[in-house]
Amino acid sequence: MNNAETGSTARHGLIKRAWLFMAFAAVILVALQGCATNRESASVAADVNIRTLKSIYVERSPQDERGLYIIIAEQLRKLGYTVSTGTASKPPGPADGVLSYQAKWQWDMTMYLLELRVTVRQPDTDVLLGSASSFHTSLTRKTPEDMVAEVLANLRGDKPAAASSGSGPGNAQVQLKAYVAPPAESSAVARGSVRIAPLRDARRDAVGALIGERTTVGNISLGMIEMQPAPVDAVGQVVRAELAALGFGTTSDETAPSVSGQLTKFAVTTPATAFYWDINGQVELELLARGRSGSPHAGLYRANCTDRTFVFPSSELINGVVGACLKEIGAQLRKDGQLSAILSGR
């Protein structure tokens, strides 16, 4: 057999395998939409209680052609909230929270609400206060009224978010080990002590342990991605470990050099094609260091990490991407000479 024939046979085999994979992916896609799967999830900022809000503005989605915003508003009123609605992203009058929502409808003999997600934000700052979602396929379908009630109950903490059930893959639980900074390139000498304030969770796309959503072809949800320890605590570990490796101790002395900051992004997505999943991680950290004299140094540290997998994006694979992002943030802190100089008084 000549080289041309060998190459043609190899290409034919590759195309055949590609079509088989696409067919398998299509079967999985149909199965995920039609099997008995239901999921609930909710995450609320640590210092927030949705029950204590008095007034909520419901932002009507431009895609809402079935009046879902009316059902949401009515149920909120029954729960004791003062409710206003509108199409603008900001409330026309005073409000304690802005509720927005996304709805996915599915056809199976009749149209039904497949998934409902709601978020509540602070009106002035747009900071995320809480989010919740409910997902029910055809065999476990609920009425729109019941879906809204389920989401609001979880958001308010009236009942714990249910564990995944049915045949769906369910929520991914990422369990990280404590971060350990690599040894310094040269022996770190003692540089004094610094006061390290707890990081503020300022993410606009998630709160608490939530870091994203696992999806498959067609952007179909496979469940939420949660992480322990919480993202703000994990990044705080990185900051403390890297400063310790650089020779800084910690103190509560108000006159000592200080480090404060906020976590502005910690997100994982799993976009899929018929051939593979990409696991994408993003972390953004803002720090403000002040020397003993008060001189400031603002640092922005960003990490973007990706892994491509031809198998299901398991919790272990997601864990690897998250860990790689944290290592990148640590490396940037280690290389920030201005940060070390400010804190050591140089």
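For the reader, a short list of remarks on this structure follows.
- Applying the criterion of being open to solvent by 40 Å² or more (accessible area, probe 1.4 Å) and at pLDDT 85 or above to the residues of region 113-139, the residue that is nearest to ILE72 (Cα to Cα) is ARG117.
- Selection from region 162-178 of residues that are surrounded by 12 or more Cβ atoms within 10 Å (Cβ to Cβ) and at pLDDT 75 or above: ALA172, GLN173, VAL174, LEU176
- Positions within region 179-226 being modelled with pLDDT of 85 or more, among the charged types (D, E, K, R) and over 24 Å from ALA42 (Cα atoms), in sequence order: ARG195
- Residue within region 59-74 that is in a loop (DSSP other than H, G, I, E, B) and within 30 Å of PRO229 (Cβ to Cβ) present: no
- Residues that are open to solvent by less than 40 Å² (accessible area, probe 1.4 Å) and either touching a residue at least 60 places away in the same chain (Cβ under 8 Å) or aromatic (Phe, Trp, Tyr) (or both) were ranked within region 99-112; the one that is farthest from ASN154 (Cα to Cα) is TYR112.
- Of all the numbered requirements in (1) assigned to a loop (DSSP other than H, G, I, E, B); (2) at pLDDT 90 or above, SER89 misses one, and that requirement is (2).
- Residues in region 328-340 that are touching a residue at least 24 places away in the same chain (Cβ under 8 Å) and open to solvent by 20 Å² or more (accessible area, probe 1.4 Å): 5 in all.
- ILE318 falls short of the stated requirement of being out of contact with any Lys or Arg (no Cβ under 6 Å at 6 or more places or on another chain), buried (at least 17 other Cβ atoms within 10 Å of the Cβ) and modelled with pLDDT under 95.
- Out of LEU222, LEU288, sole residue that is touching a Pro at 6+ places or on another chain (Cβ under 9 Å), part of a strand (DSSP E or B), open to solvent by 30 Å² or more (accessible area, probe 1.4 Å) and among the hydrophobic types (A, V, I, L, M, F, W, C): LEU288
- Within region 66-81, residues that are within 18 Å of ASN49 (Cα to Cα) sit with their Cβ atoms under 8 Å from residues that are open to solvent by 40 Å² or more (accessible area, probe 1.4 Å) and not in a helix (DSSP H, G or I), at 6+ positions apart or across chains, in these pairs: TYR81/LYS54.
The values are calculated or read from the model by the stated rules, or taken from the named source; none is laboratory data. On a predicted model such as this, the values are computed, not experimentally measured, just so you know. Here Cβ is always computed from backbone atoms with ideal geometry, including for glycine, and neighbour counts include all displayed protein chains. Each accessible area value is taken on the protein alone, full model and side chains, heavy atoms only, with ligands, DNA and RNA left out. Shrake-Rupley method; radii C 1.70, N 1.55, O 1.52, S 1.80 Å.
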